[in-house]
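Below you'll find the structure, written out as structure tokens, and then a few comments.
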């Protein structure tokens, strides 16, 4: 989902018209409409205000992730996100290229957690 769709989704979830959101942000309805139809993109300060108002991350509003706010994730959600992250998979597939100290740290942590659960 891209920025224009994400903005409309957030506005709809908050049951706001374009005019109402414009008033909240002190910009015109036309500006909101232009953001939502892809005619323009908000300047950095306005993007920041949108992020703050909706309580989401920049990655979420830009459509780079479906996680609105990583701090609100449960442990299961956070673990699942980490396991689904391609960078995490690359790190483990490329285990042989880690430093010896990083390898040992990972091994020690896994052993520690296994002992804790026994």
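The values are calculated or read from the model by the stated rules, or taken from the named source; none is laboratory data. A quick note: this is a predicted structure, and the numbers were derived from the prediction, not measured. Here Cβ is always computed from backbone atoms with ideal geometry, including for glycine, and neighbour counts include all displayed protein chains.
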Out of (1) assigned to a helix (DSSP H, G or I); (2) over 30 Å from residue 103 (Cα atoms); (3) touching a helix residue (DSSP H, G or I) at 6+ places or on another chain (Cβ under 9 Å); (4) at pLDDT below 95, the odd one out for residue 89 is which? (2)
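For every residue, the table says whether it meets (1) loosely packed, with under 10 Cβ neighbours inside 10 Å; (2) modelled with pLDDT of 80 or more; (3) over 24 Å from the mean Cα position of the chain (by Cα).
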| position | (1), (2), (3) |
| --- | --- |
| 15 | yes, yes, no |
| 25 | no, yes, no |
| 37 | no, yes, no |
| 57 | no, yes, no |
| 63 | no, yes, no |
| 67 | no, no, no |
| 82 | no, no, no |
| 99 | yes, yes, yes |
| 114 | yes, no, yes |
